[in-house]
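Comments concern the structure below.
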Amino acid sequence: MFYEYINGNPQWNLQINRQLEGIKESQKVKKDLQLAIPQLKNTKSWFKTWYDLGIMREKKEDFQIASAYFGLAQFYLSTDDQNKSSVVHKYLDNFYHAHTEINYESYRVPYQNTFLPAIKVLINPNAKKTLLIINGFDSFMEELLIAINFFKGTDYNIILFDGPGQGRALIDNGVKFTPYFEKAASAVIDYFNLQEVDAMGVSWGGYFVVRAAAFEKRIKNIICFDFFYDGLNTFLRDFNHGVQAEIRQLLNKEAADQLNQLVSPLVYENANLSFLFTKGYENTGTDNPYTLLKEIEKHTIKNIGHFVNQNVLLLAGEDDQYVPFSDLPLEQKELSNANTLETIVFTKETGGEQHCQAGRYDLALHAIQTFLLSHAD
């Protein structure tokens with residue numbers, strides 16, 4: 001279930017639901033939230049509140065809870081913050097302390113004179129198939145390991161990795177966000193010497209996986225968890241329609257100064273926009289709205305979707321707060337050459353209406369399993 005912990009702040013509610021997935025009904029967590037929620041006033045209090053709770057739970061060896069709290073604590077810290085790296089590693093260290101049941105091997109995939117961290121999860125010793133999981137705009141590959149239990153008893157093992165602009169590839173190795181994700185996906189497939197894979201993209205990864213599959217034909221089945229059509233549409237959706245139109249005109253005219261003067265003051269009036277732009281600067285290495293948006297507008301399925309000739313599953317949340325639901329028919333139209341195209345829309349009535357079905361991941365994962373089984377060779 002998706003809980004509204006903080007009235008009128010969908011961005012914070014999503015992050016809390018997301019990190020507490022699987023433990024939010026714990027009595028320890030409920031008790032901690034009674035203390036935490038009233039203290040959350042701004043990003044400074046957000047960090048201190050979750051960090052202090054993380055330290056407390058770590059000392060008590062409640063490692064799964066501690067990991068979630070450190071995941072929340074690091075979320076709004078910029079890479080320039082002296083606390084960022086240490087808190088990220090507390091999040092990860094506690095994660096692995098909590099999940100000793102995961103049978104995994106760690107790897108370093110060579111990429112651009114450094115490496116992409118990767119994990120191969122050995123779920124089924126005799127599995128013949130591989131599912132490549134691609135994360136998104138602000139996640140670590142470890143966050144997606146929640147999916148592995150849904151693949152027990154299937155013919156799959158799983159490979160996850162932090163790609164450019166993601167997780168430890170960004171924090172530790174400085175590899176920046178790129179729209180050309182087929183290069184990272186191909187590097188991983190090459191490294192593991194795979195002849196074919198199925199691939200699932202989560203959140204912004206819904207764009208990355210389609211982009212990768214358009215040019216990397218060793219990818220056979222494609223899952224967008226959720227669909228993601230256009231990065232610029234996502235970045236602009238919280239501006240009013242008049243401002244959106246003006247921003248697009250200024251981008252087309254390459255009027256950098258005018259765009260920066262227009263957008264900069266508006267960004268900090270909206271919590272979601274503030275997050276998107278701040279994280280966007282970090283991911284891409286840009287430092288102003290114009291250069292960031294010029295990068296983000298490259299992240300689009302428009303004019304490349306017709307290269308996709310594989311089987312595709314699009315998942316969509318009707319109340320997704322990031323990806324405009326109105327983009328769904330645009331993506332469906334763009335994927336005109338897909339071998340098969342299946343779309344599942346989640347609503348308040350069905351559950352899973354939030355971004356990436358936050359609060360009801362089980363619904364999405366069951367749909368994904370069904371899709372993969374239906375296209376098993």
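The values are calculated or read from the model by the stated rules, or taken from the named source; none is laboratory data. Everything numeric in this text was worked out from a predicted model, so none of it was measured. Positions of Cβ are backbone-derived with ideal geometry, glycine not excepted, and every protein chain shown enters the neighbour counts. The protein model used for the area step is the full one, side chains on, heavy atoms only, and it has no ligands, DNA or RNA in it. Shrake-Rupley method; radii C 1.70, N 1.55, O 1.52, S 1.80 Å.
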Exercise. When you go through (1) under 18 Å from GLU142 (Cα atoms); (2) open to solvent by 40 Å² or more (accessible area, probe 1.4 Å) one by one for ASP81, which number turns out not to apply?
Worked result: (1)
Exercise. For the subset of the stretch 238-273 comprising residues that are under 18 Å from GLN11 (Cα atoms) and in a helix (DSSP H, G or I), which member is modelled with the highest pLDDT?
Worked result: LEU266
Problem set entry | Residues satisfying the stated conditions in the stretch 327-356, i.e. out of contact with any strand residue (DSSP E or B) (no Cβ under 6 Å at 6 or more places or on another chain) and among the polar types (S, T, N, Q) | GLN332, SER336, ASN337, THR347, THR350
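Out of the residues in the stretch 26-50 that are under 22 Å from the mean Cα position of the chain (by Cα) and open to solvent by 20 Å² or more (accessible area, probe 1.4 Å), state the one that is farthest from LEU145 (Cα to Cα).
Taking the candidates together, the pick is THR43.
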For this session: Given the conditions (1) in contact (Cβ under 8 Å) with a residue 24 or more places away in the chain; (2) under 22 Å from the mean Cα position of the chain (by Cα), report the number of the one that GLU4 does not fulfil.
Result: (1)
Problem set entry | Only listed residue being open to solvent by 40 Å² or more (accessible area, probe 1.4 Å), within 24 Å of LEU372 (Cα to Cα) and in a loop (DSSP other than H, G, I, E, B), chosen from ASN337, ASN303 | ASN337
Problem set entry | Meets criteria (more than 23 Å from ASP138 (Cβ to Cβ) and of a type outside the set (Asp, Glu)) for LEU293 | no
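Looking at LEU276, LEU315, can you tell me which residue is open to solvent by less than 10 Å² (accessible area, probe 1.4 Å), outside any helix (DSSP H, G or I) and touching a residue at least 24 places away in the same chain (Cβ under 8 Å)? Working first, answer last.
Details: LEU276 fails: outside any helix (DSSP H, G or I).
Checking each option against the conditions leaves just LEU315.
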For this session: Examine the stretch 85-92 for a residue that is part of a loop (DSSP other than H, G, I, E, B), open to solvent by 20 Å² or more (accessible area, probe 1.4 Å) and over 18 Å from VAL29 (Cα atoms), and state whether such a residue exists.
Result: no
